[in-house]
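One structure is given here, and the rest of the page talks about it.
Every number here is computed from the coordinates shown, using simple stated rules; none is lab data. Keep in mind that what you see is a predicted model, and the values were worked out from it rather than measured. Here the Cβ positions follow ideal geometry from the backbone for every residue, glycine too, while neighbour counts run over all protein chains shown.
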Amino acid sequence: MTYRTVKQLAGAAMPEELFTGQWQNRPSVLDDCKPYLDDRWSEGCTNAWNLWEENVPLGYQGSYQRVRAYLHGKRTSPRPVTARPPTPRTVAGWILRRPDTLTETEQLQLKAVRTHGPEIDALTRHVGSFATMLTARQGKRLPDWLDAVRQDDLPSLHTLAAGIGRDRDAVIAGLTQPWNSGAMEGHVNRIRMLKRQMYGRAGFSLPRKRLLLAS
């Protein structure tokens with residue numbers, strides 16, 4: 001044991017202060033609850049026991065000591081302690097899922113992301129509105145949706161809106177009528193699969209025979 005290690009062990013006021021170096025960046029069971037703890041801390045609630053009791057119904061399965069250690073870091077750190085931000089893939093998953101399928105913790109995290117990112121907030125609203133049109137067959141709302149998208153500075157959605165605008169009547173019909181081309185697309189995908197299985201080395205007659213036999 002080196003002198004540096006002995007000094008570190010002797011100067012630690014709490015066991016958590018010994019977890020340094022390679023252990024600091026490892027995922028923790030507390031990560032999903034940190035946005036909620038940060039919000040409650042900002043509201044003035046600094047009691048570790050109360051915050052631990054509030055997080056248990058939200059799905060937190062860790063110990064009280066982890067919550068206490070995290071809040072101790074907020075009290076003693078010269079700079080604010082922030083939770084690990086969610087990845088873009090995670091945020092995209094929250095936006096594309098039905099709101100009622102998100103857990104309370106995920107809803108709080110998405111709310112925090114939307115609060116700090118006006119573009120993400122606008123994107124979430126537009127995606128939710130389009131999802132409602134799609135599932136409730138409200139195609140008549142499409143022109144208003146396109147106008148609302150163009151008013152926000154969202155280049156990626158502007159590209160989508162331009163493509164939809166070129167076939168607006170067909171898209172409105174697709175969002176309104178109960179019929180769709182799903183069955184035809186299924187047959188096309190099946191034909192492509194049979195063609196790929198022969199690695200492009202067969203003529204027309206063999207794929208035709210396989211398709212007829214598969215039917």
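Reported count of residues in the range 47-64, each being in contact with a helix residue (DSSP H, G or I) (Cβ under 8 Å, 6 or more places away or on another chain), within 20 Å of R84 (Cα to Cα) and surrounded by fewer than 14 Cβ atoms within 10 Å (Cβ to Cβ), is 2. Counting only helices (runs of 4 or more DSSP H) that fall entirely inside the range 124-215 and contain at least 2 residues that are within 32 Å of the chain's Cα centre (by Cα), the qualifying elements are 142-150, 155-166, 168-176, 182-197. Against the condition surrounded by fewer than 14 Cβ atoms within 10 Å (Cβ to Cβ), free of Cβ contacts under 8 Å to residues at least 12 places away in the same chain and under 30 Å from L58 (Cβ atoms), how does T135 come out, does it pass? Criteria met by T135.
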